[in-house]
Amino acid sequence: MFYAKVIIPNETGLHARPASGLVKLCKSYKSTIQIIHGEENEKVIDAKSIINVLAGGLKQHTEIQLRVEGEDEDTAGPAIVSYIENLTD
């Protein structure tokens, strides 16, 4: 399992355009990809679902935990972390 903590850097958070790019990237991998956040990690978001990602309300400076589990987790995890850390829109 790949696990990483990431902080949403961009001013607008994961709104429609970056969320769409994230979901597209996540769907290109076979692994199960989840975003976990909240005071007690109570919100688990399916990163392959645009509805779930948008409903997650992930704003700038939100710390999330990325959990990737599956056959391509070693390539998917770092690629997704890089995508999120380099958001500028």
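Side notes on the structure shown:
- Take the chain with all the other protein chains still there, run a 1.4 Å probe, and you get 57 Å² of accessible area per residue.
- The listed residues Tyr83, Tyr3, once ranked by accessible area (1.4 Å probe) with the largest placed first, stand as Tyr3, Tyr83.
- Whole-percent carbon and sulfur share, accessible surface of the chain, 1.4 Å: 48 percent
- Based on Cα contacts under 8 Å between residues 6+ apart, the chain shows a relative contact order of 49 percent.
- Computed from the alpha carbon atoms alone, the convex hull of the chain holds 75 Å³ per residue.
- In the chain the longest region clear of trypsin sites (Lys or Arg not before Pro) that are loop-assigned by DSSP and have at most 13 other C-beta atoms within 10 Å covers 60-89.
The values are calculated or read from the model by the stated rules, or taken from the named source; none is laboratory data. Keep in mind it's a predicted model, so treat the numbers as computed, not measured. Cβ: placed from backbone, ideal geometry, glycine included. Neighbour counts: every protein chain shown. Remember, those area values only see protein heavy atoms, side chains included, never the ligands or the DNA or RNA. Shrake-Rupley method; radii C 1.70, N 1.55, O 1.52, S 1.80 Å.
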